[in-house]
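Notes follow once the structure below has been shown.
The values are calculated or read from the model by the stated rules, or taken from the named source; none is laboratory data. Just so it is clear, the model here is predicted, and its values are computed rather than measured. Backbone-built Cβ (ideal geometry, glycine too); neighbour counts: all protein chains shown.
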Amino acid sequence: MIVSRVMRRWLWFSGAVATAAAAPFVAPHPFLFNLLIQAAVWALLTASWDLLSGYTGQISFGHSGFFAIGAYTAAGLAFHLHVSPWFGLVAGAALCSLVGLCVGFPALRLRGHYLALVTLGFAEIIRLVAQNWISVTGGPFGMHDFGTLPGLPAAPLAHSEVLYLVVLAIAAAAIALALFVCEHTNAGKAFRAIREDQVLAESHGINIKIYKLYAFSLSAALAGLAGGLYAFSIGLVDPNLASPLTSAMILGMAVFGGLGTIWGPALGAVLLFMMSEGLRFIGVVYNLIAFGAVIMVFVIFVPRGIAGLKLGRRTRISRRDATQSKQVGAASDSVQQREVT
Amino acid sequence: MLESILEFLILGIVLGGIYAMFSTGLTLIFGVLDVINVAHGEFFAIGGYIVFVAVVLLHLSPVLGILAATSGSFLLGLAIYPLLIKPMKRRLGRRPQGPLFLVLTLGLSTFLQSSMLAIGGGDYLRVPPFVRGMLDLTFTAVSYQRLLILSVAAVSLAALFLFLHFHRQGMAIRAVALNPDAAQAVGINLGMIFTLALALGVGLAGMAGALIAPLFNVYPAVGFAFTIKAFAITILGGLGNLAGALLASFVIAIVETLSVLVIPSQWQNVIAFAIMILVLLIRPQGLLGRADQK
């Protein structure tokens, strides 16, 4: 039974990726492919946030910072040192993983609001560095003309088609890695235990420091990878990548998709990105108004996001999850009461 | 050198007054509702827009403009609790809130900011100074506009303090901040206090936005920089600690303005966040907080 549930999940996942790869070829147009490339990058970025914040419950407002570090590293290496973009992608992810450790280490002591605010401050520092370190980052207007991935065909349509397939493949592989870590390793169980009750998790012998750092560095690395993909597919990096608005969009997409499921936020990112690009035709401002409204409505009324809207057999599983978390909640309540009395 | 230090000190104190009005509102809301209002800066911008409409478009007196900005954002603030926070709290029950309120107010922030962009356009709107002229202090001169900002900030913060300590509803607000369950048990209407605290907090932000409009221009994102700086201030002061927020506002503002003498001015904005991260590492409870606070 369990095997089939696992298999069904991965069948769904590969089916979705295959559909995403094939569908745009029905009406191929460079514009459509460019949109889909961005959607794939957002999906990876949002999934990386979900690994840290949705699964482990460590709320980060600073993923725009990791995203920007990844983008600037990839673009900067290609621009200043002329190294291969592939190396730039890996280097960006690796640097982000290190920075993630550096941010995660002091953050071990912090929870909830404090962590959110510190990561927000971290992203703001990254933004200001990108804006002011002009010789390396190009200042407020950023960097461009640093090339794209090697070996792409020159014709515009073929170029964006191949680029799309490459970006989709990398993003899907990275999302699959996140999903695998969260659902099929002990680390994933530890992440959820930390989210539900840190003290309870620790008392069960889970080394919460190690697992928090693990989540931090893996999540940061994936966000950095998304940044590198963004840099090479859009061809422009500027300090606004690190702005709080980017983090706001990540959070909105993740809540829309359903926290703590990896695939939900990835799907939510694609849908919400396409929705906001579609609304752009009505007016550039209205897509952001709708964005804000969707976030508010979903967080109040549909807290489990679109991942929680599933019908059929899955509802039974989610109900079981609900009773489990209720039991955990009751247990922690009684612990707290004991502490009080 | 000494003269420029004194000059920057005065500028820092005025900036501190604005930070204080902004951050005490944020701290009040956090202390009472346990909600960090990410949309706080948007009410700052709304205050700026109202004063622009009143003073520039309708040619009303600045006093009326500031009053309109304060009451306008106060009235808008009255709607936040019943429309957004209450349904959310009801659905959550006793479960841990996690990031949900941050996400909620982030949505509100995006919504309000882009609505202002849709209505007012993205232009930088100029508001003329409410009072003209400079006060000559021999070594430097301070514009009356800045003195006005400082004095209104002082009066409104003193009024807030008196209200919280001597008025019945103000004492109820402090009671709810201390312990909502106990406050409810003695017959305090929690919903009303939550609504009032939120409206007071964003009303202060609106007033600050109106006051500072002649110095900064008015545009939709004007408040966001203040919001994230106010987070640094509330951390330095200790989350939910009003006196701490007041002190931290002046500390950060003065350090920021004096820093221009030592480091290039474009790095000025990094200081607040550097201080915030240092405080969290060394003294997470803030300047005036006690170790047992949350």
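Observations on the structure shown:
- Hits in segment B:234-283 - residues which are touching a Ser or Thr at 6+ places or on another chain (Cβ under 7 Å), within 11 Å of chain A (Cβ to nearest Cβ) and aliphatic (A, V, I, L, M): B:I271
- Restricted to segment A:127-141, and to residues there that are more than 10 Å from chain B (Cβ to nearest Cβ) and crowded, with 19+ Cβ neighbours inside 10 Å, the residue that is modelled with the highest pLDDT is A:A130.
- Only one of B:A248, B:A272 that is touching a Lys or Arg at 6+ places or on another chain (Cβ under 8 Å), surrounded by 15 or more Cβ atoms within 10 Å (Cβ to Cβ) and modelled with pLDDT of 80 or more: B:A272
- Check on A:G278, over 21 Å from the mean Cα position of the chain (by Cα) and either modelled with pLDDT under 85 or not acidic (D, E) (or both): yes
- Within the option set B:V260, B:V218, B:V270, B:V222, being of a type in the set (A, V, I, L, M) and within 16 Å of B:F8 (Cβ to Cβ) holds for one residue only, B:V260.
- Residue pairs meeting the criteria (Cβ under 7 Å; at least 6 apart or on separate chains; first modelled with pLDDT of 75 or more, in segment A:95-113; second among the basic types (K, R)): A:G104/A:K212; A:L108/A:K209; A:L108/A:K212
- Any hit, segment B:125-135, residues being over 27 Å from A:S53 (Cβ atoms), assigned to a helix (DSSP H, G or I) and either within 13 Å of chain A (Cβ to nearest Cβ) or among the hydrophobic types (A, V, I, L, M, F, W, C) (or both): no
- Restricting attention to segment B:52-73, the residues that are buried (at least 21 other Cβ atoms within 10 Å of the Cβ) and under 17 Å from the mean Cα position of the chain (by Cα) add up to 5.
- The set of residues from segment A:93-109 being within 9 Å of chain B (Cβ to nearest Cβ) and in contact with a helix residue (DSSP H, G or I) (Cβ under 7 Å, 6 or more places away or on another chain) comprises A:P106, A:A107.
- A:V6 vs. criteria in a helix (DSSP H, G or I), at pLDDT below 85, of a type outside the set (D, E, K, R) and surrounded by 11 or more Cβ atoms within 10 Å (Cβ to Cβ): yes
- Within segment B:99-124, restricting attention to residues that are outside any helix (DSSP H, G or I) and surrounded by fewer than 19 Cβ atoms within 10 Å (Cβ to Cβ), the residue that is farthest from the other protein chains (Cβ to nearest Cβ) is B:Y124.
- A:V166 being away from chain B (no Cβ under 14 Å) and either under 18 Å from the mean Cα position of the chain (by Cα) or more than 15 Å from A:P239 (Cβ to Cβ) (or both): yes
- For segment A:110-126, the tally of residues that are over 9 Å from A:G65 (Cα atoms) and more than 7 Å from every other protein chain (Cβ to nearest Cβ) stands at 3.
- Per this entry, B:S73 is not counted among residues that are in a helix (DSSP H, G or I) and within 26 Å of B:R132 (Cα to Cα).
- Put simply, of B:I275, B:I254, B:I263 the only residue that is of a type in the set (V, I, T), without any contact (Cβ under 8 Å) to a residue 40 or more places away in the chain and on the phi < 0 side of the Ramachandran plot is B:I263.
- Scanning segment A:287-305 for residues that are aliphatic (A, V, I, L, M), within 7 Å of chain B (Cβ to nearest Cβ) and either surrounded by fewer than 17 Cβ atoms within 10 Å (Cβ to Cβ) or within 19 Å of B:F101 (Cα to Cα) (or both) returns A:I289, A:A293, A:I295, A:M296, A:V299, A:I300.
- Qualifying residue in segment B:80-95 (condition: closer than 28 Å to B:I149 by Cα and within 14 Å of chain A (Cβ to nearest Cβ)): yes
- Whichever residue in segment B:224-245 is at pLDDT below 85 and among the small types (G, A, S) and, among such residues, is surrounded by the most Cβ atoms within 10 Å (Cβ to Cβ): B:G238
- Among residues of segment A:249-286, those that are surrounded by fewer than 24 Cβ atoms within 10 Å (Cβ to Cβ) and at the interface with chain B (Cβ under 8 Å from one of its Cβ atoms), counted: 3
- Hits in segment A:149-164 - residues which are surrounded by 15 or more Cβ atoms within 10 Å (Cβ to Cβ) and in contact (Cβ under 8 Å) with a residue 24 or more places away in the chain: A:L149, A:H159, A:S160, A:E161, A:L163, A:Y164
- Selection within segment A:194-241 - within 27 Å of A:A130 (Cβ to Cβ), crowded, with 21+ Cβ neighbours inside 10 Å and β-branched (V, I, T): A:V237
- Residue selected from segment B:1-47 under the condition polar (S, T, N, Q) and within 11 Å of the chain's Cα centre (by Cα), by the criterion surrounded by the fewest Cβ atoms within 10 Å (Cβ to Cβ): B:T27
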